[in-house]
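The values are calculated or read from the model by the stated rules, or taken from the named source; none is laboratory data. Since this is a predicted model, take the numbers as computed values, not measurements. Every residue, glycine among them, receives a Cβ derived from its backbone with ideal geometry; neighbour counts consider all protein chains shown.
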Amino acid sequence: MAPPLRLNAVAFISPQNHPILIRTFEKGDELKYHYVAHTSLDVIEERSQSNGPTKSNDCYLGLLYAMDEIAAYGYITPLKMKIVIALPLTDSVVRDAEVIMTFKALHLAYYHASSNPFIRLHDTPAGVGSAKWKRFRRKVDEISRAVGGGSVPS
Amino acid sequence: MQAAHASSLSALADPPARMVDGAAMDYLLIEAVNALRVSSAVASARARKIERDMLEAGLVPPPPAKQNPRDSASSTTGKISRPADDDEGVKSRLEAIGMHVGGNFAERLCRDRPLFSDSLDVIKFVCKDLWVSCWDKQVDNLRTNHRGVYVLQDNAFKPIARISSWEGRQEALKRAKLYVALPAGIIRGALSRIGSQGTVVPEITTLPQCTFQIKLLKST
């Protein structure tokens, strides 16, 4: 009976490498997770370019890197949108299935938000602070609570 | 607690699918084209009125060279026949709506599949998954010249399968051209959301057969 996973932060990055949403669930400094998201982008690009003959067609990228008590896991959708989650580095085993399910839930929340035709009128995923993305933020919070986060989002 | 967490997460990850009545959807799409045709006629009449008013007030030099964004045709000084004028407006609106819908469809359908390996894979996804989810069948024939041009042929394309006109086959064919603008937009939207920019040109030779010519710009 391993203790439930805690989600530290979630980052959505658009196909053009713009940040869509970066949400942290730990009372720490938010900027650290922006930095984590940037570094993950580099790792993802490195992995998707160097995979010449053994190119894996999987969406789930697994553990990207671990730094400074944060373990970053990545997921890339076929539409080139990237989702990165930061989990605290623990010794307990992190089950792949759970992480994959978290990614699928996050992807679905993004899909629900972006299918609202009034949000993406000019097809620019910018301006996430506005009121229209509130439901998306709420869904992401709900997912993090379902995973077992429990701490207040900052 | 573990079980509760696991089940709520899986409910969030994979909610039960919600269904829409198929016949109602078909009716909606047919009526949408008609409603947009009327609405576009009103909009272009309004634009023409403004042009005329500006002409009379002397704000615009006599041969109106002003580009009206609603008229997607080139700026000609002669009289464009009104039906063709309105048709272009409706077609571009339908394509824009289709692009939105196609992009969202692509997002939804790409949830459970692995990454695309090359542009042929993208086209095959359009032929199979997109066609099945929008129009209940797969594309009948796919031809390519391996240089970025693909021709998709459907022998009984659903939106125009039941179209008929009391003025005869030719008239029905002409009317049908409007109804394929939305599907062309859906295909184009899906392709652009996946990342392959290109153009989609629908052609109807005989009802209910329809071909789409897709020209992709970049080659991955």
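Is at least one residue of the range A:67-80 on the phi < 0 side of the Ramachandran plot, at pLDDT below 85, basic (Lys, Arg) and touching a helix residue (DSSP H, G or I) at 6+ places or on another chain (Cβ under 9 Å)?
No, the range A:67-80 contains no residue that is on the phi < 0 side of the Ramachandran plot, at pLDDT below 85, basic (Lys, Arg) and touching a helix residue (DSSP H, G or I) at 6+ places or on another chain (Cβ under 9 Å).
Is it the case that some residue within the range B:166-182 is aromatic (Phe, Trp, Tyr), away from chain A (no Cβ under 13 Å) and loosely packed, with under 15 Cβ neighbours inside 10 Å? Break it down into steps so the answer makes sense when it comes.
Residues of the range B:166-182 aromatic (Phe, Trp, Tyr): B:166, B:179.
Keeping just the survivors that are away from chain A (no Cβ under 13 Å) gives B:166, B:179.
From what's left, loosely packed, with under 15 Cβ neighbours inside 10 Å: B:166.
Checked the range B:166-182: at least one residue is aromatic (Phe, Trp, Tyr), away from chain A (no Cβ under 13 Å) and loosely packed, with under 15 Cβ neighbours inside 10 Å.
May I ask you to verify whether B:Asp136 is within 14 Å of another protein chain (Cβ to nearest Cβ), surrounded by fewer than 16 Cβ atoms within 10 Å (Cβ to Cβ) and not small (Gly, Ala, Ser)?
Numbers: within 14 Å of another protein chain (Cβ to nearest Cβ): no; surrounded by fewer than 16 Cβ atoms within 10 Å (Cβ to Cβ): yes; not small (Gly, Ala, Ser): yes.
The answer is no for B:Asp136.
Mind listing whichever residues of the range B:64-110 are modelled with pLDDT under 80, among the basic types (Lys, Arg) and farther than 24 Å from B:Ala176 by Cα?
B:Lys66, B:Lys79
Only one residue in B:Ala176, B:Ala184 is under 17 Å from the mean Cα position of the chain (by Cα), farther than 28 Å from B:Ser117 by Cα and small (Gly, Ala, Ser). Which one? Step through it out loud before you land on a result.
Details: B:Ala184 fails: farther than 28 Å from B:Ser117 by Cα.
When all the criteria are applied, what remains is B:Ala176.
Please verify whether B:Glu107 is among the acidic types (Asp, Glu) and under 29 Å from A:Asn116 (Cβ atoms), treating the condition exactly as stated. First the steps, then the outcome.
Values: among the acidic types (Asp, Glu): yes; under 29 Å from A:Asn116 (Cβ atoms): yes.
Answer is yes for this residue.
Does the range B:88-111 hold any residues that are among the charged types (D, E, K, R) and either surrounded by 21 or more Cβ atoms within 10 Å (Cβ to Cβ) or more than 8 Å from every other protein chain (Cβ to nearest Cβ) (or both), and which are they?
Quick first cut of the range B:88-111, residues among the charged types (D, E, K, R) only: B:88, B:91, B:93, B:95, B:107-108, B:111.
Once the filter is applied, which keeps residues that are among the charged types (D, E, K, R) and either surrounded by 21 or more Cβ atoms within 10 Å (Cβ to Cβ) or more than 8 Å from every other protein chain (Cβ to nearest Cβ) (or both), the range B:88-111 yields B:Glu88, B:Lys91, B:Arg93, B:Glu95, B:Glu107.
Which residue pairs have Cβ atoms under 9 Å apart, sit 6 or more places apart or on different chains, and have a first residue in the range B:26-47 that is on the phi > 0 side of the Ramachandran plot and modelled with pLDDT of 90 or more and a second that is surrounded by 13 or more Cβ atoms within 10 Å (Cβ to Cβ) and in a helix (DSSP H, G or I)?
none
What are the residues in the range B:9-45 that are farther than 28 Å from B:Ala184 by Cα and either away from chain A (no Cβ under 14 Å) or not polar (S, T, N, Q) (or both), if any? Full working, then the answer.
Filtering the range B:9-45 down to residues farther than 28 Å from B:Ala184 by Cα leaves B:9-16.
Within the range B:9-45, B:Leu9, B:Ala11, B:Leu12, B:Ala13, B:Asp14, B:Pro15, B:Pro16 meet the criteria.
Would you point out the residue of the range B:112-131, among those that are facing chain A (nearest Cβ under 10 Å) and touching a helix residue (DSSP H, G or I) at 6+ places or on another chain (Cβ under 6 Å), that is farthest from A:His107 (Cα to Cα)? Before the answer, list the steps.
Narrowing the range B:112-131 to residues facing chain A (nearest Cβ under 10 Å): B:112-117, B:121-122, B:125.
Narrowing the set further to residues that are touching a helix residue (DSSP H, G or I) at 6+ places or on another chain (Cβ under 6 Å) leaves B:116, B:122.
Numbers: B:Phe116: 17, B:Val122: 20 Å.
The qualifying residue farthest from A:His107 (Cα to Cα) is B:Val122.
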